[in-house]
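Structure, as structure tokens:
The values are calculated or read from the model by the stated rules, or taken from the named source; none is laboratory data. Model, not experiment: these values are computed from the prediction. Backbone-built Cβ (ideal geometry, glycine too); neighbour counts: all protein chains shown.
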Amino acid sequence: MNMFFRLTALAGLLAIAGQTFAVEDITRADQIPVLKEETQHATVSERVTSRFTRSHYRQFDLDQAFSAKIFDRYLNLLDYSHNVLLASDVEQFAKKKTELGDELRSGKLDVLRSLQSGAKAPF
């Protein structure tokens with residue numbers, strides 16, 4: 001019993017000592033890296049799109065309807081509570097949401113990049 005008490009006290013002291021030396025790392029907005037287009041992104045997009053459309057266990061066509069689903073999911077990922085992007089911004093990008101499949105196949109991700117930069121603009 002006495003040994004159990006000593007081990008419990010020692011474990012508690014070690015836990016407290018570990019927390020006192022822990023530093024809370026706060027990331028500021030100026031520390032976040034700025035994403036930019038790199039040459040390999042187009043190649044990666046082409047290869048991943050080709051791989052998914054040919055080899056995915058659930059066959060699908062990358063048509064306009066599927067492109068619209070991708071757009072909706074990406075939009076919800078960027079602005080899940082619908083309080084960052086303006087309705088006018090969403091409408092502007094929604095006109096091109098059926099073209100995402102073609103962009104993914106060709107490696108030109110202009111619509112997705114502009115939507116992402118629009119979501120970061122208020123910050």
Can you name the condition, by its number, that THR27 falls short on among (1) exposed (fewer than 10 other Cβ atoms within 10 Å of the Cβ); (2) in contact (Cβ under 8 Å) with a residue 40 or more places away in the chain? (2)
With the requirement that a residue be exposed (fewer than 11 other Cβ atoms within 10 Å of the Cβ) and of a type in the set (D, E, K, R), what does the range 31-62 give you? LYS36, GLU38, ARG51, ARG54, ARG58, ASP61
Kindly indicate the residue of the range 98-118 that is farther than 18 Å from GLU46 by Cα and not hydroxyl-bearing (Ser, Thr, Tyr) and also surrounded by the fewest Cβ atoms within 10 Å (Cβ to Cβ) among those meeting that condition. GLN116
Wholly within the range 7-123, helices (runs of 4 or more DSSP H) carrying at least 3 residues that are modelled with pLDDT under 85, in contact with a helix residue (DSSP H, G or I) (Cβ under 9 Å, 6 or more places away or on another chain) and hydrophobic (A, V, I, L, M, F, W, C): 110-120
So for the range 82-97 (the condition being surrounded by 10 or more Cβ atoms within 10 Å (Cβ to Cβ), under 17 Å from the mean Cα position of the chain (by Cα), free of Cβ contacts under 8 Å to residues at least 40 places away in the same chain and on the phi < 0 side of the Ramachandran plot), does at least one residue qualify? yes
